[in-house]
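To keep things clear, I will list the structure first and then write my remarks on it.
The values are calculated or read from the model by the stated rules, or taken from the named source; none is laboratory data. Just so it is clear, the structure is predicted and the values come from calculations on it, not from any experiment. Every residue, glycine among them, receives a Cβ derived from its backbone with ideal geometry; neighbour counts consider all protein chains shown. All accessible areas refer to the heavy atoms of the entire protein, side chains included, with ligands and DNA or RNA removed. Shrake-Rupley method; radii C 1.70, N 1.55, O 1.52, S 1.80 Å.
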Number of protein chains: 2
Amino acid sequence: MNPINSKLQAAVWQDDHLQLLDQRLLPSEQVYIDLYDAPQTALAITDMVVRGAPAIGVTAAYGVVLAARHAYAKHPDAWRDAVQADMAILAAARPTAINLHWALQTLGDLFADIDGNPEAILLAKAKQIHEKDIADNQHMGSIGAGYLAENCRVLTHCNAGALATGGYGTALGVIRSGVSADKISKVYADETRPWLQGARLTAWELLQDGIPVTLLADSAAARLMQQGKIDWVIVGSDRIAANGDVANKIGTYSLAVLARYHGIKFMVAAPLSTVDYNVARGDDIPIEDRAAEEVLSVFEQRVAAQGADAWNPVFDVTPAELVDVIVTEKGAVENPTTAKMAALRDKPV
Amino acid sequence: MNPINSKLQAAVWQDDHLQLLDQRLLPSEQVYIDLYDAPQTALAITDMVVRGAPAIGVTAAYGVVLAARHAYAKHPDAWRDAVQADMAILAAARPTAINLHWALQTLGDLFADIDGNPEAILLAKAKQIHEKDIADNQHMGSIGAGYLAENCRVLTHCNAGALATGGYGTALGVIRSGVSADKISKVYADETRPWLQGARLTAWELLQDGIPVTLLADSAAARLMQQGKIDWVIVGSDRIAANGDVANKIGTYSLAVLARYHGIKFMVAAPLSTVDYNVARGDDIPIEDRAAEEVLSVFEQRVAAQGADAWNPVFDVTPAELVDVIVTEKGAVENPTTAKMAALRDKPV
């Protein structure tokens with residue numbers, strides 16, 4: 001396999017506005033949606049035009065730029081107050097990804113020191129967040145790949161790739177780096193019902209970089225492990241609690257239990273902005289339930305009998321004790337605990 | 001919940017031929033396919049018009065009747081030889097369900113003693129197999145329900161119901177009996193990718209009997225267990241090895257590992273004809289791989305990027321040590337072993 005240099009981006013600032021690759025249409029269509037205000041941006045997050053915690057964070061940062069532009073145009077002397085309604089709409093777009101709140105907070109922290117039109121300063125910060133996310137992912141990729149032995153067979157779930165981040169990806173960043181270092185001999189990806197991010201996004205994204213991938217139904221992962229065909233499970237995260245409990249796409253917890261049962265290593269790759277030190281443990285992370293219809297139908301075609309109900313949690317929580325290593329841009333934490341996670345935060349850069 | 005008296009049947013002998021409910025079209029359409037010869041019948045099994053090991057067995061039995069009719073019409077003095085080609089086609093229709101071979105063997109054993117036209121004798125035997133399967137399922141239902149405490153919350157996988165058997169069902173038979181006995185407070189069903197038998201068939205079948213059901217993505221089962229919402233996992237089987245290892249729909253093994261991890265009981269309900277005493281252990285059971293396309297597409301709509309590959313095993317093997325009880329019409333075997341399974345076989349009726 002060859003070195004990787006993915007240019008794929010979920011969110012792009014284009015001239016004077018935000019463009020999002022509409023991930024609901026991938027891989028059959030590659031369509032960018034143009035966004036000029038924060039409510040549109042929030043709706044795009046809610047409707048999953050863009051998804052993945054770090055990509056939601058980058059998108060929200062650009063959303064604040066748009067919000068501030070409108071607020072300043074209407075109320076140049078009181079834009080800080082005027083922008084709050086849009087910030088609240090962005091904050092409520094999805095409940096689990098903490099990076100969303102982190103991005104809003106990071107831009108909001110600049111407000112007090114801005115004189116005049118805030119757009120340029122906020123845009124510079126949003127771009128910096130975006131670029132740092134890519135650089136951090138590349139660094140994480142290198143750290144994560146360091147854990148892989150030669151001829152590693154890896155399994156990933158959902159899409160924690162360029163499409164889910166500023167670029168390069170978290171879990172797929174580790175896989176990209178592992179492939180570049182010639183350490184990965186096989187990549188498997190769960191299809192990841194109900195949204196099929198594995199089949200629709202991860203397979204497409206990896207193939208863009210020439211990385212072969214074999215998909216499987218989510219429930220087949222256990223058999224793959226039973227047959228001794230997986231060395232590492234590598235996933236991203238939407239929020240990590242202070243004790244190292246990991247919220248991520250529904251099915252992640254299942255893989256973690258199965259990996260432990262089969263003696264397979266389990267890695268979580270996520271930027272430090274995914275760690276919510278205000279939440280002590282995973283049980284306190286808000287988990288989004290989405291509409292039953294997402295399970296009862298596939299591609300808007302009704303599957304289940306009329307009258308059937310469905311339970312559709314979008315995320316689950318993997319206890320820290322099932323995680324072998326959390327990889328961040330600031331370093332890795334093996335067998336995470338509250339103390340180790342705090343030490344990572346407090347470590348000098 | 002009210003007593004259950006499901007009349008639903010996957011296979012019916014109608015006047016002079018076999019009718020199969022086309023399960024590929026459920027629940028949106030209820031269409032019966034008329035079959036007049038064995039090759040058509042074998043194709044219907046291969047193409048999954050009918051599925052589920054006991055239903056395949058019943059269907060194959062009727063297929064032998066059709067085969068014998070044609071053989072006798074062409075070669076009244078040598079129909080036993082003439083029927084062999086059709087028997088071979090039926091035997092090759094699907095590899096994992098042992099009930100298929102059991103049914104062929106059961107009818108084949110009658111050949112030597114038949115004088116003249118074999119159709120009536122074979123049809124009587126096929127109908128007897130069919131009726132006994134229903135009665136056995138009702139008996140199994142009663143035995144299985146005996147294991148359930150009050151207010152049980154149960155999870156099932158795929159469809160091991162009336163649609164998968166002669167009628168009443170194996171796993172769903174236990175659930176029907178448990179509901180009748182007012183012991184079940186909640187039924188969950190995995191949607192069961194890639195064929196979505198849980199969403200398409202199990203939900204429809206249970207709702208026909210007025211049993212409420214909540215579907216979930218296969219990968220969400222672990223979270224449901226983690227939240228303490230499941231008391232029993234109840235599944236069927238396509239073949240059970242002599243040591244009690246259980247081949248069943250892909251994802252069953254995953255549930256068994258997860259159930260054990262969470263201290264949840266795991267029950268397999270299957271007629272004795274599902275036990276293959278010629279196969280010592282699960283690793284020796286042939287497991288069907290179907291086309292990658294079944295994972296790469298949903299309802300013939302391509303999901304995954306062109307170039308992506310998929311691994312699509314239809315079944316997996318759950319080791320006996322993860323099974324709390326196997327329920328058959330002849331009795332239940334707790335913590336199955338080779339000796340206990342042999343004792344069940346040898347037990348006087």
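Write down Rg/Rh for the protein assembly as shown, rounded to two decimals, with Rg from the C-alpha atoms and Rh from the Kirkwood relation over Cα pairs. Walk me through the intermediate numbers first.
Numbers: Rg = 28.1 Å, Rh = 26.8 Å.
Across the protein assembly as shown, the Cα-based Rg/Rh ratio is 1.05.
Once you charge only the Cβ atoms, +1 for Lys and Arg and -1 for Asp and Glu, what is the size of the charge dipole of the protein assembly as shown about its Cα centre, to the nearest 20 debye? Please report the intermediate quantities before stating the final value.
On the way: 58 positive and 84 negative charges, 213 e Å.
In debye, rounded to 20, the protein assembly as shown gives about 1020.
Please give the helix B:98-108 orientation as an angle from the longest Cα principal axis of chain B, in degrees from 0 to 90, rounded to the nearest 10.
With both axes taken from Cα atoms, the answer is about 30 degrees.
Under 8 Å for C-alpha pairs, at least 6 residues apart: give me the relative contact order for chain B, rounded to a whole percent. If you can, show how the numbers build up before the last one.
Values: 745 pairs, mean separation 57.2, N = 349.
Result for chain B is 16 percent.
Run the label-point distances for A:V12 please: 7 Å along Cα to Cβ, every other copy, nanometres, shortest first.
Result, one decimal in nm: 5.9.
For the protein assembly as shown, what is the mean residue ellipticity at 222 nm derived from helices alone (per DSSP H run of n ≥ 4: -39500 (n - 2.57); sum divided by total residues; nearest 500 deg cm²/dmol)?
It lands at -11000 deg cm²/dmol.
Please list the three semi-axes, largest first and in whole Å, of the ellipsoid equivalent to chain A, using sqrt of 5 times the eigenvalues of its alpha carbon gyration tensor.
32, 23, 20
By average Cβ neighbour count within 10 Å, what is the ranking of B:247-255, A:21-29 from highest down?
Final packing ranking: B:247-255, A:21-29.
Shortest first, in nm, what separates the label point of B:G263 from those of the same position in the other copies (7 Å along Cα→Cβ)?
List, nearest first: 2.7 nm.
Once you sort the root eigenvalues of the Cα gyration tensor of the range A:192-317 as a ≥ b ≥ c, which label holds: rounded (a/c under 1.5), prolate (a/b larger than b/c) or oblate (the other case)?
Working: a/c = 1.57, a/b = 1.11, b/c = 1.42.
Oblate.
Looking only at the protein assembly as shown, where both bridge partners belong to it, what percent of the DSSP beta bridges are antiparallel (to the nearest 5)?
Bridges in the protein assembly as shown that DSSP calls antiparallel: roughly 50 percent.
Could you pull out every one of the lysines with an alpha carbon less than 27 Å from that of B:K132, ignoring same-chain neighbours closer than 8 positions?
B:K7, B:K183, B:K249, B:K330, B:K340, B:K347
Using the crude model of +1 on Lys and Arg Cβ and -1 on Asp and Glu Cβ, and no other charge, please compute the dipole size for chain B relative to its Cα centre, in debye to 20.
940 debye
Hey, how many Å between the Cα centroid of the range B:90-143 and the Cα centroid of the range A:282-349?
So the two Cα centres are separated by 48 Å.
Let a ≥ b ≥ c be the square roots of the eigenvalues of the Cα gyration tensor of the range A:123-208; is it rounded (a/c under 1.5), or, if not, prolate (a/b larger than b/c) or oblate?
Oblate is the answer for the range A:123-208, as a/c is 1.5 or above yet b/c matches or exceeds a/b.
Could you give, in nm with one decimal, how far B:W311 is from each other copy of that position, shortest first, with labels 7 Å out from Cα toward Cβ?
2.9
Could you work out the mean projected area of the convex hull around the alpha carbons of the range B:27-77, in square nanometres to one decimal?
Value for the range B:27-77: 4.0 nm².
Could you give each residue of the range B:135-144 its phi-based ³J(HN,Hα) in whole Hz, using Karplus coefficients 6.51, -1.76, 1.60 with θ = phi - 60°, and x for Gly or Pro?
My calculation for the range B:135-144 gives 4, 4, 5, 5, 5, 4, x, 5, 5, x Hz in order.
Take the Cβ-Cβ distance between A:E334 and A:A149 as r, set R0 to 22 Å, and report the resulting FRET efficiency rounded to the nearest 0.05. If you can, show how the numbers build up before the last one.
Working: r = 16 Å, r/R0 = 0.71.
Efficiency at R0 = 22 Å is approximately 0.90.
Please report, in whole Å, how far the alpha carbons of the range A:254-327 spread along each principal axis, starting with the longest.
Largest to smallest, the principal-axis extents are 43, 33, 20 Å.
Could you work out what % of the accessible surface of the range B:234-283 is carbon and sulfur, using a 1.4 angstrom probe and leaving DNA, RNA and ligands out of the count?
40 percent
Take the alpha carbon atoms of the range A:71-87, find their center, do the same for the range A:186-214, and report the distance between the two centers in whole angstrom.
Here the answer is 42 Å between Cα centres.
What residue among A:A85, A:Q138, A:A256 has its Cα farthest toward the positive end of the dipole of chain A, where the charges are +1 on Lys, Arg and -1 on Asp, Glu, each on the Cβ?
A:A256
Assuming 0.36 nm per residue, please report the length gained on full extension of the stretch B:Q30 to B:R290 beyond their Cα-Cα distance.
Extra length from B:Q30 to B:R290 when fully extended: 91.1 nm.
Counting Lys and Arg as +1 and Asp and Glu as -1, each charge on the Cβ, what is the dipole of the range A:1-96 about the Cα centre in debye, to the nearest 20?
Around 280 debye, computed over the range A:1-96.
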